[in-house]
Amino acid sequence: MTRSLPAVLLSCLFVLSACVTSRSAALEDDGSYAVVIAKEMILQLPELPGLDEPIEETQTIVGSYDGASRAFQAQLTGDADALSVVMVAVAGPRIIAVDWTENGIEETRSTFAPEQLSGLNILADIFIVRWPEQSVRSALPAGTSLVTTAKQRRIERDGEVVITVTYDALDENGRSMTRLTNHDRDYSLAIYTS
């Protein structure tokens, strides 16, 4: 017995659609999105991205966590009203897509996305690295400070460094990158932008 082409295509679409899930972030009463970035530390992302200048870039990210390193590629596209981030495994499938618009923050995950990978935390890391100093400072909770130098940002609480961002760092091969280290959650991201 042979199956018709439409039935086969429909079956394939059903299987593929089962491999993707979506979830939305809840907007807080104050018009922000609460993101846990460290133990007892919540970053308040604004309702809209509010970028001063549009961005469109591709990043290669090497994440280190739990003794292992994984490489991803990310495509960032955004302006004052919207930011879109699409992460894929290097030369592989899409892992997660995150859209931050006037309609909210929506993430679409494939089955390849690790459960601990959160669209909100991806946005928070990008926000901490890329947004103007005053925007980051305003998004931090009371009792937390943002210390900046020409090549570094540090988020501190009670004199302890929680997150460090180092700009124009060099990797072991002498390539320039930005490194974000979340000391509280014990992970780091080496971010190469092209």
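The values are calculated or read from the model by the stated rules, or taken from the named source; none is laboratory data. These numbers were taken from a predicted model, which means no experiment stands behind them. When we count neighbours, we look across all protein chains shown, and the Cβ atoms used for this are built from the backbone with ideal geometry, even at glycine. SASA here: full protein model, heavy atoms, side chains in, ligands and nucleic acids out. Shrake-Rupley method; radii C 1.70, N 1.55, O 1.52, S 1.80 Å.
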For the chain, what does the helix formula give at 222 nm: sum of -39500 (n - 2.57) over DSSP H segments with n ≥ 4, over the residue count, nearest 500 deg cm²/dmol? -5000 deg cm²/dmol
Under 13 Å from the Tyr65 label point (7 Å along Cα→beta-carbon), backbone N, region 126-158: none
Hey, could you pull the Cα Rg and Dmax for region 89-194, both in Å? 15.2, 43
Share of carbon and sulfur in the accessible heavy-atom surface of region 70-194 [1.4 Å probe, %]: 49 percent
Once you list every other residue whose beta carbon is under 14 Å from the beta carbon of Pro141, what net charge do they have if Lys and Arg are +1 and Asp and Glu are -1? -3
Inter-centroid distance (Cα atoms) of region 59-138 relative to region 148-165, Å: 21 Å
Charge dipole (debye, nearest 20) of the chain; +1 at Cβ of Lys and Arg, -1 at Cβ of Asp and Glu: 760 debye
By the mean-Cβ-within-10 Å protection proxy, highest first, 48-55, 75-82, 106-113 rank as 106-113, 75-82, 48-55
Karplus-derived 3J(HN,Hα) from phi for region 70-87 (6.51 cos²θ - 1.76 cosθ + 1.60, θ = phi - 60°), whole Hz, x at Gly and Pro, runs 9, 9, 9, 10, 10, 10, 10, 9, x, 8, 4, 9, 7, 9, 10, 10, 10, 10
Once you list every other residue whose beta carbon is under 10 Å from the beta carbon of Met177, what net charge do they have if Lys and Arg are +1 and Asp and Glu are -1? 0
Could you grab the relative contact order for region 133-176? Cα pairs under 8 Å, six or more apart, rounded to a whole percent. 23 percent
Neighbour net charge for Val98 - beta-carbon separation under 12 angstrom, K R +1, D E -1: -1
What is the chain's relative contact order, in percent, from Cα pairs under 8 angstrom and six or more apart in sequence? 18 percent
Would you work out which of Gly174, Pro141, Ile42 lies farthest towards the positive end of the dipole of the chain, given +1 charges on the beta-carbon of Lys and Arg and -1 on that of Asp and Glu, about the Cα centre? Gly174
With unit charges on the beta carbon (Lys/Arg positive, Asp/Glu negative), name the residue among Gly63, Ala25, Pro93 whose Cα is farthest towards the positive pole of the charge dipole of the chain. Pro93
Shape of the chain, Cα gyration tensor, a/c cut at 1.5: prolate
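Roll a 1.4 Å probe over the protein chains and send me the accessible area per residue for region 84-157 in Å².
Ligands and nucleic acids excluded, the figure is 47 Å² per residue.
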